[in-house]
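The values are calculated or read from the model by the stated rules, or taken from the named source; none is laboratory data. Keep in mind that this is a model prediction, so the values were computed, not measured. Using ideal geometry, Cβ is built from the backbone for each residue, glycine included, and neighbour counts are taken over all protein chains shown. Calculation scope for accessible area: heavy atoms of the full protein, side chains included, ligands and nucleic acids excluded. Shrake-Rupley method; radii C 1.70, N 1.55, O 1.52, S 1.80 Å.
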Amino acid sequence: MKKNILFIAPTFFGYYKEIVKSLEKKGNNVDYLCDIPSSSNIYKAISRVKRKWTKSIVNRYFNKKVIPLITDKQYDYIFIIVGMTFSLFPEMIEKMRKQQSNAKFIMYQWDGEENINFVKELHEYFDKVYTFDRNDAVNNKKYNFLPLFYTNVYETIGKKENNEYEYDVFYVGTAHPQKLKYITEMSKKLKKIYKKQYIYNYMPSILKFYYHKLTAKEYKSVKKKELHFEKMQTNQIIEHIEKTKCILDAPQKGQNGLTIRTIECLGAKRKLITTNQDIVNYDFYCPENIYVYNGEFDYNSIFFKTNYKDIDNEIYKKYLLDNWLDIILN
C-alpha cells in the first residue's frame, strides 16, 4: 500500500538520493528536506560551537519549508536521519508531532551519541529510534541497533570477477584529526607491501584547516598541500573502489558505529583495514577479509596471505539498502 513519507536527512555524499529512489521504487510518495537551512561552512562551524546561536535561522527555515508541508499533507511516516548537522530543535519536532498526529515518527542516528548529545532531547517525540552505534544500543534501551547499508552499485561491483587491481589501497574521507592521524600512519606502514596507494584526505574549507592547526595536536605537522579541498564525487569514489584491492577506514573520534564505507566494502567484496575494534562483533567479520589495526601490522596474517573470501549470501542481502528500509519502515 502506497505511503506518504516526509524524509529529512543530510546531503552527505548524496546518500539521501539513493534512499528516496528506493522508497519511491517501493511505491511510496516521498517529500525530501535537507536537515540544515544552510550548507555553508560558516553556518556548520557556528552550529557545532553553539547550536542555539543558529535558532533564528533554523526557525525561519522551519516556517518556510517544513510548516507548509505538514499543513497541506498528511503523512504516514516522518523519517528523520540525525547526524552532526541536524538543525531542528525539540519544540519544532513537537509541533510536527501535533500537526501530524497519525504519522509514525522514526529517527535514525547516523553518529555516536557522544558527538550529537543534543539528540537525547528529541527521543520522546519519536515512536522508534534506531542507531548505527552498537555501544549506544547496548547502553540505552531506547535504541534499536541497525548498522548502515550499501546500494545496488556496490552489489554490482561485488559480482564482477577481478584479480587485477590498479590500486592496492584506497581511502577517501574527511580529514578529522584522529581519522587523519590513523589513515596517514596506516598508509606509511602499508607501503612495505601495498605500494600502489590512492589516499584522498578531504578538507571542507581553508578555515577548517586553520582551526584544526590551532586546536588539534594531530595537525601540528600537517601541510595544506597534503589535503584536498574539493569533495570527491560519488561516481569517482565508486570507480576507485572498483579498481582497488583493499580499502582503508578509520572512524572519527567519539564514533563507535561502522562507517558506511565499511558496509560498502562488504557489498563490493573488497578487503578492509580499519581501526574500529568493534567490527569483530558483526556477522560479516572474517579475518581473511577484515584487518583490525591496533598500531602495528602483522604481515604474516591470513588477511595479507589470501584473496577475498566469500561469506554467506544471506548476510550480503541483509545489508542492502532496500532491506535496511524494510526494517526501518517495518
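Some points to look at:
- Between the alpha-carbon centres of the range 187-262 and the range 13-32 there is a gap of 28 Å.
- Relative contact order, percent, the chain [alpha-carbon distance under 8 Å, six or more residues apart]: 15 percent
- Charge sum, other residues only, whose C-beta stays under 9 Å from Gln178's C-beta, Lys/Arg counted +1 and Asp/Glu -1: +2
- Estimated FRET transfer efficiency (Glu226, Ser56; beta-carbon r; R0 35 Å; 0.05): 0.40
- When Val129, Val280 are compared by accessible surface with a 1.4 Å probe, the order from highest to lowest is Val280, Val129.
- Net +/- balance of residues flanking Phe303 in space, Cβ distance below 12 Å, scoring K and R +1, D and E -1: +2
- Computed [θ] at 222 nm, deg cm²/dmol, the chain (DSSP H ≥ 4; -39,500 (n - 2.57); rounded to nearest 500): -10000 deg cm²/dmol
- Taking the C-alpha atoms only, the angle from helix 90-99 to the longest principal axis of the chain is near 60 degrees.
- Sequence of Thr11, Thr174, Thr131 when ordered by accessible area, the most exposed leading, probe 1.4 angstrom: Thr11, Thr174, Thr131
- Rounded to the nearest 10 Å², the accessible area of Ile199 at probe 1.4 Å: 50 Å²
- For Leu190, the shell of other residues with beta-carbons less than 14 Å away shows a net charge of +3, using +1 for Lys and Arg and -1 for Asp and Glu.
- The range 150-270: relative contact order in percent, alpha carbon pairs under 8 Å with at least 6 residues between: 43 percent
- Cβ charges +1 (Lys, Arg) and -1 (Asp, Glu), total dipole of the chain, debye: 1220 debye
- Among Thr274, Thr215, the sequence by solvent-accessible area, most first, with a 1.4 Å probe is Thr215, Thr274.
- Modelled label positions at Glu91 and Thr174, each set 7 Å beyond Cα in the direction of Cβ, lie 2.8 nm from each other.
- Estimated inter-spin distance, Ser38 and Asn63, nm [label 7 Å along Cα→Cβ]: 1.7 nm
- With every protein chain in place, the range 219-295: carbon and sulfur % of accessible area (1.4 Å): 45 percent
- Cross-link table Lys44/Lys95; Lys225/Lys309; Lys188/Lys208; Lys17/Lys191; Lys21/Lys73, entries beyond 28 Å C-alpha to C-alpha: Lys225/Lys309; Lys17/Lys191
- Rolling a 1.4 Å probe over the protein chains gives Asp127 an accessible area of about 80 Å².
- Solvent-accessible area of Met107 with every protein chain in place, 1.4 Å probe, in Å² to the nearest 10: 0 Å²
- Degrees between helix 15-25 axis and first principal axis of the chain (Cα, 0 to 90, nearest 10): 60 degrees
- Extended-chain gain in nm, criterion 0.36 nm per residue less alpha-carbon gap, Tyr299 and Leu207: 29.2 nm
- The angle separating the long axis of helix 206-215 from the principal Cα axis of greatest extent in the chain is about 80 degrees.
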